[in-house]
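What follows is a short report on a single structure.
Bear in mind these aren't lab numbers, they're just calculated from the coordinates by the rules spelled out. A quick note: this is a predicted structure, and the numbers were derived from the prediction, not measured. Neighbour counts run over all protein chains shown; Cβ positions are idealised from the backbone, glycine included.
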Ligand code: DGY
């Protein structure tokens, strides 16, 4: 008998077709956003569920389906899943690491450069018909080349971001829970490990690449923003909750930092409405890993995890301890 699988969000049709060859699949190709109650109901009788970072697998949801054997997240970040509750219930949890490192690193640079050089702000101004003359002081920004790049969170994506800075002759400083190995530091453009305070004070631009957890909740708040340079750009491609939005809005409004590039938000898709009133912030809808090739790789990675879990093997990206 085929295992029963819920694919909770829309994906590439051929991915669904391949899954259907192995499993009894309930898909959601119209991409309806299920309420928690609907999700609970859809999960009834399923052996596995394939979700994105938007679906929350709380202890309650996990406990409601005793048949559940696997939760396959199509994302590297898994703060949407109560892994301890899943482990206690004997449910395997998997994610999709590595396949998105380079694409997400590209996107961190997209946000950094478009903010530092005020691309979106000047483009909106031009579209609004304000451009009448070339001006010597139009939209002056901050340099990237030769600057000091700060990275908070030096995992694999952080290293891929740092490596790209070689082409801009940048110095890299970083802070992380633990120091990277000498090989990783060398790969990451000879990144130098510093304290969090030194990172905030020393970075000309700062990129956040931390997972969200109770320990990293609002790790960037008013006190941290106050240490940053007024010419700095802050980029967040990780998770919204690591930044205190209210403190960031105040810092941007008062020009205590120059700009921010944000791809993730604490209560996404809801935004703090004050972000929309600021011209020195670029806001994008959580698209950091969003290239065709990488989203396919993520879907394939999740499918491989699912196949292993359903055939009684250890999935390649098992998260349970
Ligand atoms: C991830 O993989 O964690 C990305 O943020 C997409 O959800």
Subject >> Extension gain, residue 272 back to residue 253 (0.36 nm per residue minus Cα-Cα distance, nm) >> reply: 5.5 nm
**OP:** Indicate the gyration tensor shape class of the stretch 78-184 (rounded, prolate or oblate), computed on the Cα atoms with a ≥ b ≥ c the square roots of the eigenvalues: a/c under 1.5 is rounded; otherwise a/b larger than b/c is prolate and the rest oblate.
**Re:** oblate
**OP:** Could you compute the FRET efficiency for residue 123 and residue 67, with r as their C-beta to C-beta distance and R0 at 41 Å, rounded to 0.05?
**Re:** 0.20
Original post:
When only C-alpha pairs under 8 Å and at least 6 residues apart count, what is the relative contact order of the stretch 137-222, in percent?
Top reply: 36 percent
Original post:
Using alpha-carbon positions, what is the distance between the centroids of the stretch 260-321 and the stretch 195-236, in Å?
Top reply: 21 Å
**OP:** Springs between alpha-carbon atoms under 10 Å, Gaussian network over the chain: tell me which of 304, 223, 247 tops the mean-square fluctuations.
**Re:** 223
Original post:
Can you give the alpha-carbon Rg of the stretch 273-321 over 2.2 N^0.38 Å, where N counts its residues?
Top reply: 1.84
Original post:
Which order results if 139, 34 are arranged by neighbouring Cβ count within 10 Å, fewest first?
Top reply: 139, 34
**OP:** Kindly provide the pair-distance distribution of the stretch 101-283 built from C-alpha pairs, with 10 Å bins from 0 and whole-percent values in order of increasing distance.
**Re:** 10, 39, 36, 13, 2, 0
Original post:
Given springs between every Cα pair under 10 Å in a Gaussian network model of the chain, which of 132, 22, 255 has the largest fluctuation?
Top reply: 132
Original post:
What whole-number value in cubic angstrom gives the convex hull volume per residue for the C-alpha atoms of the chain?
Top reply: 149 Å³
Subject >> Most mobile of 191, 85, 105 in a GNM of the chain (Cα contacts under 10 Å) >> reply: 85
Original post:
Taking the C-alpha atoms of the stretch 1-92, how large are the radius of gyration and the largest Cα-Cα span, Dmax, in Å?
Top reply: 12.3, 34
Original post:
In cubic angstrom, how much convex hull volume per residue do the alpha carbon atoms of the stretch 1-160 span?
Top reply: 172 Å³
Subject >> Mean projected area in nm² (Cα convex hull; one quarter of hull surface) for the stretch 178-321 >> reply: 11.1 nm²
Original post:
Going by the alpha-carbon gyration tensor, a ≥ b ≥ c the square roots of its eigenvalues, is the stretch 155-224 rounded (a/c under 1.5) or, if a/c is not under 1.5, prolate (a/b greater than b/c) versus oblate?
Top reply: prolate
Original post:
From the square roots a ≥ b ≥ c of the eigenvalues of the alpha-carbon gyration tensor of the stretch 1-42, which class results: rounded (a/c under 1.5), prolate (a/b over b/c), or oblate?
Top reply: oblate
**OP:** Report the normalised scattering of the stretch 239-321 as log10 I(q)/I(0) at q = 0.12 Å⁻¹, calculated by the Debye formula with identical scatterers on the alpha carbons.
**Re:** -0.55
Original post:
Per the helix-only calculation at 222 nm, which mean residue ellipticity applies to the chain, given -39500 (n - 2.57) for every DSSP H run of n ≥ 4 and division by its residues, nearest 500 deg cm²/dmol?
Top reply: -9500 deg cm²/dmol
